[in-house]
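Asker: What follows is a single structure, and I will ask about it in a moment.
Where a number appears in this text, it was derived from the coordinates with a stated rule and is not lab data. A quick note: this is a predicted structure, and the numbers were derived from the prediction, not measured. So basically every Cβ, Gly included, is an ideal-geometry build from the backbone, and we count neighbours across all protein chains shown.
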Amino acid sequence: AFDDEGYLRLTGRLKEIINRGGEKISPLEVDAVLLGHPEIAQIVCFGVLHPKLGEDIAAAVVLTEGSQLNEKDIRAFAAEHIANFKVPRSIMILEEIPKGPTGKIQRIGMAEKLGMTHACLKDRLVMKICIFGAGAIGGFMGVKLAQSGADVSLVARGPHLAAMQANGLTLIEE
């Protein structure tokens, strides 16, 4: 939210902030905007894994009684009031938003509760490492990560390429 002097103030827990391809999104800000729609009774926005962006924003919504609002309408309303990168890409319309053991809505873990996880990302570590002039340390780290089962993409040239081959890294040339 913007304060009286025009400064943007992000509120909420830091670990709830969604990092969508480098853009930081406060789910509380998106919640507040969407709660401005007269047919939305409750909403919780949260992060979901994304294969290229790292995270994306999703929302669980409870509509007012008799509402005929759909996902497209909700996204259109959001797009009128907030930047495009903050508009939830996935919206689930529910009868009730799941709550934690204390009876409170918990953003963290909401994607799992609603089955909105990408299995390909959840079960493995994905890393990209670019080694240009990183020397033996970079090559050694890349090999160790690859041996640990991490999905590692390495870019190397010259002596670093030979050092990585000598340490047992299988290379796939493109």
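Asker: In nm, to one decimal, how far is the modelled label at PHE85 from the one at THR64, with both set 7 Å along Cα→Cβ?
Answerer: Label at PHE85, label at THR64, 3.3 nm between them.
Asker: Go through LYS15/LYS72; LYS15/LYS99; LYS15/LYS113; LYS52/LYS86 and tell me which ones have a Cα-Cα distance over 21 Å in this structure. Don't skip to the answer; put the middle values down first.
Answerer: Numbers: LYS15/LYS72 28 Å; LYS15/LYS99 18 Å; LYS15/LYS113 18 Å; LYS52/LYS86 16 Å.
Violating the 21 Å Cα-Cα cut-off are LYS15/LYS72.
Asker: Per-residue counts of other Cβ atoms within 10 Å, averaged by peptide: what ranking do you get for 94-106, 61-73, 15-27, highest first? Before the final figure, lay out the partial values.
Answerer: Numbers: 94-106: 10.7, 61-73: 13.2, 15-27: 15.8.
The densest-packed peptide leads the list: 15-27, 61-73, 94-106.
Asker: Once both labels are modelled 7 Å past Cα along the beta-carbon direction, what's the ILE93-ASP4 spacing in nm?
Answerer: My value for the distance between the label points is 4.2 nm.
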